[in-house]
Structure formats: C-alpha cells, structure tokens
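Novice: The structure follows.
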Amino acid sequence: MAFPYSTAHQVPLYLAPMAGVSESPFRQLCRRFGADVVVTEFLSAEGIRRENPATIDKLRFGPGERPIGVQIFGADPDAMREAASLVTDVFAPEFIDINFGCPVKKVVKRNGGSGCLKDLTLVTDVIRAVISGTHLPVTVKIRSGWNEEMRDPVSIALRCQDAGAQVLTLHPRTRAQMYSGNARWDEIAAVAAALEIPVIGNGDIKSADDAVRMYRETGCEGVMIARGSFGQPWVFDQARALIEGLPMPSAPPVEERFAIASDHARMAQSYENDPRGAAIEFRKHLGWYVKGLPGSADLRRKLHLVESLSAVDEIFGEYLAARARGDVALSEGEAEEARAA
Ligand SMILES: Cc1cc2nc3c(=O)[nH]c(=O)nc-3n(C[C@H](O)[C@H](O)[C@H](O)COP(=O)(O)O)c2cc1C
C-alpha cells in the first residue's frame, strides 16, 4: 500500500519524534538537509484538549516543515479523539501519529505511550477513536512489546493495521529495555513482511551507512533517524545519496559545521519567547555539534555555560582562531594521542 501523504522520494527518510529535540527549528533544519518527513515531539492529548498553552505552543510549525506529522499520546480514547480533532482543525498537519512507544514512567503509569502495549484492546480503541476525530491519515509508532514475555511486534502491528493505521513505525525494543541492548532489525523485517501498510524502520541508525543497511536488510519502506541526527542534520543528505547509489557527500568541515550550528541557534532564538531559556535549552545541541572535534572537551565546557546565543558565535570564533594558530586546548587524552602520533 502507498503512503497516504506525498513524500519527495519513494523511500522517505524521517526525522523521529523526539521530546525536546524535534522542535520546529531542528525540524526545519533537517528538512533543509534532506529529511523527507518530520514528526513533532509527543504531545499529551489531555494537554491539547484542555488547550494547555505550553502544549499548544509546541504545535506551531511553518510551511517549510511539511510534510509533518503531529504525534499525540494518551490512554483515554475520548481525549485522543478530541485532541486529533483540534489538531486537524487548527493546525492541519499531513498526518496524526499515535505514540505507543514512550517508555517514560510518568507516561506509562497512566497507560500512555508503550503502556498501551499491555492491552491490545486499548491499542485498537485508541486508534479507532483518533480516526473518528480526523479526516487525516492516522499512523502509529510502536515498540516490540511491553517486556520480553509480551514481545510480539508482528501481532501488535497487525492489530494496528486492522484498526486502521495507515503507516507503522517500529522501534524494535521493548518498553522494559528502554534504550538498552540493540534494536532488533530482524523484527522490522518480520513486520514489513507481514503488513500491507508501509512500515518505517527505526532504531540504532548512527550514520548514513546504517540507514541504507536498515533499508536493504529489512525491506522497510522508509527509515526514521532519531539520535543519529544529533549534531549532524546532514546525515539525511548523506543517507539519500547512498540510497540512490551515489557517492556519499562528506560531513561539512568545521567552519561550516559551526555556521550550521549558529544558524540553528538563531532559529531557536527567534522561535522561543525567552532568550535565556532558549540558550540554556540549546546547550545540548551545541555539545552535539562539537562532538569529536580536537579540543572538544574544553569547547563543550565553554558552550555549556552560555546564557545567550550571541556568546556562541564568539566561542566558535575563538576556537577557529586558536585552531588557525595551531593552539587548540587539547584534553589529556587528546594530547597523549598527539604525542604518540
Ligand atoms: C531525547 C529523545 C526523545 C524522544 N522522544 C520521543 C517522542 O516524543 N516520541 C516518540 O515516539 N519517540 C521518542 N523518542 C524515541 C525515538 O523517536 C526513537 O524511537 C529512538 O530514539 C530509537 O531511534 P534511534 O536509535 O535512531 O535513536 C525519543 C528519543 C530520544 C533520544
């Protein structure tokens, strides 16, 4: 079966829904770097239906982010239906995605996120309720089960398809695993073989090579990248090239990497109302952008103290100047490596 929304490529690359990360500025950036589809972070159906200002604020997105899915979570079918209806009427994304994967205690204790996977009747009820509240395609993102005993991704996925889900993403770990162990790509292959609707593979894609390997090894129809996009949004362009059988573009040199980070910071700044809060929230991205650079420990320490995003350009400028002088402050380990070389 085809995708229920149009995507620029036959094998779409997705930026995963990620709380505190897949926000509007990062989604825009990843779209620019080749992500075909983006998804908001998970948003509480209760928060949406009560029009909680903080939740509604997170629903904002711009035309450059489309196609976009809004992801909602909750275990109350009525709340899920109402939330889907409001999101459809007010924000009109390309699709509504239901989160059946979140492992966080606060969410699962009310049976939200992966908590739903303990009761497949609830999974069916939630999907049907959301479908009844929207004319948009409804998609789901699941884990492989609640725990090892209940691990059965194919049955869960078939339930979702039968209830009317039009695309399914599998992160093949159980809730009990949280993020430990390896994502079981063999389960993506099994689900892709069993379902008629498109299946998106997700889990442990750290590089463009991994993305192509997942596509080839599992027969999934699309690939979703989460942590592998941290500090390297260009991973989407790289993965696209490899999927098309083209040479992989190399990662940008450090000056360009900093320019991308600064651009991202400016977008974050203009998106948020509170400049200091925006800078503090942005520190994690800065840490990711400089990971692996010589002297990155010292650089990261400085960046983790920024309280305004204008300070970022200054720190980057100082680093580039020190680098040009051959005077980057290396960590003990890096200095030892340099001496040994
Ligand atoms: C910081 C963070 C926040 C996340 N938030 C969400 C979320 O809001 N909704 C969701 O479905 N998954 C969420 N996830 C899970 C990811 O979408 C993805 O399934 C998981 O990280 C595995 O993919 P990866 O190995 O490519 O990181 C989150 C993951 C991370 C690391």
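The values are calculated or read from the model by the stated rules, or taken from the named source; none is laboratory data. Just so it is clear, the model here is predicted, and its values are computed rather than measured. Cβ placement follows ideal geometry from the backbone for every residue including glycine, while neighbour counts extend to all protein chains displayed. To get the accessible areas, we keep the full protein, side chains included, count just its heavy atoms, and leave off ligands, DNA and RNA. Shrake-Rupley method; radii C 1.70, N 1.55, O 1.52, S 1.80 Å.
Novice: For ASP327 and LYS105, calculate 0.36 nm times their separation in residues minus their Cα-Cα distance, and state this gained length in nm to one decimal. Provide the component values of the computation, followed by the final result.
Specialist: Values: separation 222, 0.36 × 222 = 79.92 nm, distance 4.66 nm.
Additional length available on full extension: 75.3 nm.
Novice: Which aspartates and glutamates have a Cα lying under 15 Å from the Cα of LYS206, excluding residues fewer than 8 positions away in the same chain?
Specialist: ASP237
Novice: So what are the ³J(HN,Hα) numbers for the stretch 330-341, from phi and the Karplus equation (6.51, -1.76, 1.60; θ = phi - 60°), rounded to whole Hz, Gly and Pro as x?
Specialist: Each residue's phi maps through the Karplus curve to give 7, 6, 3, x, 5, 4, 4, 4, 4, 5, 6, 6 Hz.
Novice: Find out how many positive minus negative residues lie around VAL11, taking Lys and Arg as positive, Asp and Glu as negative, among other residues whose Cβ is under 12 Å from that of VAL11. Spell out each step's value before the answer.
Specialist: Details: positive: ARG216, ARG240; negative: ASP36, GLU221, GLU244.
Net charge around VAL11: -1.
Novice: What number, rounded to the nearest 500 deg cm²/dmol, is the helix-based mean residue ellipticity at 222 nm of the chain, given -39500 (n - 2.57) per DSSP H run of at least four residues and division by all its residues? Walk me through the intermediate numbers first.
Specialist: Working: 15 runs with 157 residues, N = 341.
My calculation for the chain gives -13500 deg cm²/dmol from helical runs alone.
Novice: I would also like to ask the following. Helix 185-194 sits at what angle to the longest principal axis of the chain, using alpha carbons and giving 0 to 90 degrees rounded to 10?
Specialist: 30
Novice: Angle check, please: helix 275-290 long axis (alpha carbons) against the longest principal axis of the chain (alpha carbons), in degrees 0 to 90, nearest 10.
Specialist: Around 80 degrees separate the two axes.
Novice: Distances longer than 19 Å among the Cα atoms of the stretch 1-146: what percent of all pairs is that?
Specialist: Values: 5121 of 10585 pairs.
Value for the stretch 1-146 (Cα pairs over 19 Å): 48 percent.
Novice: Could you work out what % of the accessible surface of the chain is carbon and sulfur, using a 1.4 angstrom probe and leaving DNA, RNA and ligands out of the count?
Specialist: Details: 7480 of 14780 Å².
The value for the chain is 51 percent carbon and sulfur by accessible area.
Novice: Taking the chain as a Gaussian network, where each spring joins two C-alpha atoms under 10 Å apart, which residue of GLY62, GLY201, GLY231 fluctuates the most?
Specialist: GLY62
Novice: At 1.4 Å probe size, with every protein chain present, just tell me what the per residue accessible area of the stretch 142-191 comes to in Å².
Specialist: On the way: 1980 Å² over 50 residues.
Dividing the accessible area of the stretch 142-191 by its residue count gives 40 Å².
Novice: Something else about it: Contour minus end-to-end for GLN10 and ASP57, with contour as 0.36 nm per residue of separation and end-to-end as the Cα-Cα distance? Walk me through the intermediate numbers first.
Specialist: On the way: separation 47, 0.36 × 47 = 16.92 nm, distance 3.22 nm.
Full-extension gain reported as 13.7 nm.
Novice: I'd like the distance separating the alpha-carbon centroids of the stretch 81-124 and the stretch 1-79, in whole Å.
Specialist: The distance from the Cα centre of the stretch 81-124 to that of the stretch 1-79 comes to 13 Å.
Novice: Right, here's the next one. Over the heavy atoms of TRP185, what accessible area does a 1.4 Å probe trace out, to the nearest 10 Å²?
Specialist: Roll a 1.4 Å probe over it and TRP185 shows about 30 Å².
Novice: Cross-link candidates for LYS141: which lysines have Cα within less than 17 Å, leaving aside residues fewer than 8 places away along the same chain?
Specialist: Partners found: LYS118.
Novice: Please report, largest first and rounded to whole Å, the three semi-axes of the ellipsoid equivalent to the stretch 91-174, where each semi-axis is the square root of five times an eigenvalue of the C-alpha gyration tensor.
Specialist: 20, 14, 11
Novice: Find the all-direction average of the projected area of the Cα convex hull for the chain, expressing the result in square nanometres with one decimal place.
Specialist: Numbers: hull surface 71.6 nm².
Dividing the Cα hull surface by four gives the mean projection, 17.9 nm².
Novice: Shape of the stretch 230-326 from its Cα gyration tensor (a ≥ b ≥ c, root eigenvalues): rounded if a/c is under 1.5, otherwise prolate when a/b > b/c, or oblate? Before the final figure, lay out each step's value.
Specialist: Details: a/c = 2.43, a/b = 1.37, b/c = 1.78.
Since a/c reaches 1.5 but b/c is at least a/b, the shape of the stretch 230-326 is classed as oblate.
Novice: Turning to a different aspect of this structure: Can you work out the FRET efficiency for the pair TYR271 and ASP89, with r the C-beta to C-beta distance and R0 = 35 Å, to the nearest 0.05?
Specialist: In this case the efficiency is close to 0.90.
Novice: Same structure, new question: Setting aside same-chain residues fewer than 8 positions from LYS291, which aspartates and glutamates have a Cα under 15 Å from its Cα?
Specialist: GLU255, GLU256, GLU334
Novice: For the stretch 207-282, compute the orientation-averaged projected area of the C-alpha convex hull (one quarter of its surface), in nm². Working shown, then result.
Specialist: Values: hull surface 24.8 nm².
Taking the Cα atoms of the stretch 207-282, their convex hull projects to 6.2 nm² on average.
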